[in-house]
1. Using packing as a proxy for protection, rank 99-108, 252-261 so that the peptide with the highest average count of other Cβ atoms within 10 Å comes first.
2. How many angstrom separate the Cα center of the stretch 90-108 from the Cα center of the stretch 189-260?
3. Using only alpha carbon pairs under 8 Å that are at least six residues apart, calculate the relative contact order of the stretch 87-195 and give it in whole percent.
4. Under 8 Å for C-alpha pairs, at least 6 residues apart: give me the relative contact order for the stretch 8-239, rounded to a whole percent.
5. Might you report the magnitude of the Cβ-based charge dipole of the chain about its Cα centre, with Lys and Arg at +1 and Asp and Glu at -1, to the nearest 20 debye?
Amino acid sequence: MANSQSTELLRLEQVTKQFHQRTILNQLSLSIEDGEFLTLLGPSGCGKTTLLRIIAGLDHADQGTIKLDGMCISQTPAEQRQINTVFQSYALFPHMSVLDNVMFGLKVRQVPHVQAKEEAIATLTKVKLENYLNHKPSELSGGQQQRVAIARAIVNRPKILLLDEPLSALDYKLRQAMQLELKRLQRQLGITFIFVTHDQEEALSMSDRIVVMKEGRIEQIGTPKEIYETPDNLFVAKFIGETNLFKARVLKKLTDDTYQAQIEDKTFTIHSETSLKNQSLVSVLLRPEDIRIKEINMNTTSNLLTGHVIERTYKGMTLDSVIHMDYGDKILVSEFFDEDDPDTDHSIGQRVEVSWVPSWEVVLTHENDS
Ligand code: ATP
């Protein structure tokens, strides 16, 4: 994982790519640490695969440079880059055994047969396929085929492994098992992984850092915690997880990082590291799990809003409620389920107070919007 001693392995500078005069990657710059598990996350069509293909050397950028270990590789052919790719479709040779599939790249590089066989078996053991050496891909499950594809991509010890939605063809349970497996493998091998996914949960649980992309640009780079808890803008906040949005007007500064603000007709204290102007409009973001609801108590008036419960969904660990706020919006609240706690015992139609844990809100000025 990236830490204070980590060194830069890959650097993209101002990479731009167009297809048919449409800009797909727009002056994108990114630095990737050695040994990092980095995930590219973003909506369909935002340019994730294009970026991966340019890093792999399967496509070329129109402008910009790519450096691996400080050396420019923009013009280096794919097979000389020490960067391998695992595709969603596995792309195994169907007529070859598992062992031959993994040995193939070594043979192309003219590694002597005995050594190639030893290395292929050692790699297949790492992905727990040592008992399937002579099977054909069609005799394996989806998860096993994916492991063969991974073994084939890591057998010649690339510096970087690119994974383009490698788990999307697997069913939910297998996918979760393979997520753990991939993480374990990455730690064990110490190879830098650049992983593409649509799936935010997968990105949050597996990555050292996540790059959130939109329309060929980077919206935010950060650890899963930073991306989830302190999104830089509304796009990131809405793309990752559920979020509730309250429009607020700043009334006055209270301390260095607290302000009095008005949300609907109520007064709130909000926290912001960024300086906020009096009377400016800001967005106050809250995750469903940071919001508290309780039965209405007419005596408290500040730092809360009111509404009524319109939906309750039991999710095992949590109870999710949709609250129709008196001012018209609907918000989502997620509470840890405790059947002995009357505070979580709300019924449909019940009038409730909505508040949140002080300082857990994220305040975005409209300069952050994209
Ligand atoms: P998804 O998550 O759906 O796989 P993505 O973020 O990986 O999407 P890309 O596959 O990089 O997106 O595609 C970005 C845009 O570039 C899309 O609009 C796509 O149609 C376009 N595109 C990609 N490759 C080509 C190509 N070879 N020729 C023309 N347009 C292309």
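Nothing in this text is a laboratory measurement; each read-out follows from the coordinates by a stated rule. Because the structure is predicted, anything quoted here is derived from the model rather than measured. Because the Cβ atoms are built from the backbone with ideal geometry, glycine has one as well, and the counts that use them run over all protein chains shown.
1. Per-residue Cβ counts within 10 Å, averaged per peptide and sorted highest first, yield 99-108, 252-261.
2. 40 Å
3. 34 percent
4. Working: 427 pairs, mean separation 62.4, N = 232.
Relative contact order of the stretch 8-239: 27 percent.
5. Working: 40 positive and 51 negative charges, 322 e Å.
So the magnitude is around 1540 debye.
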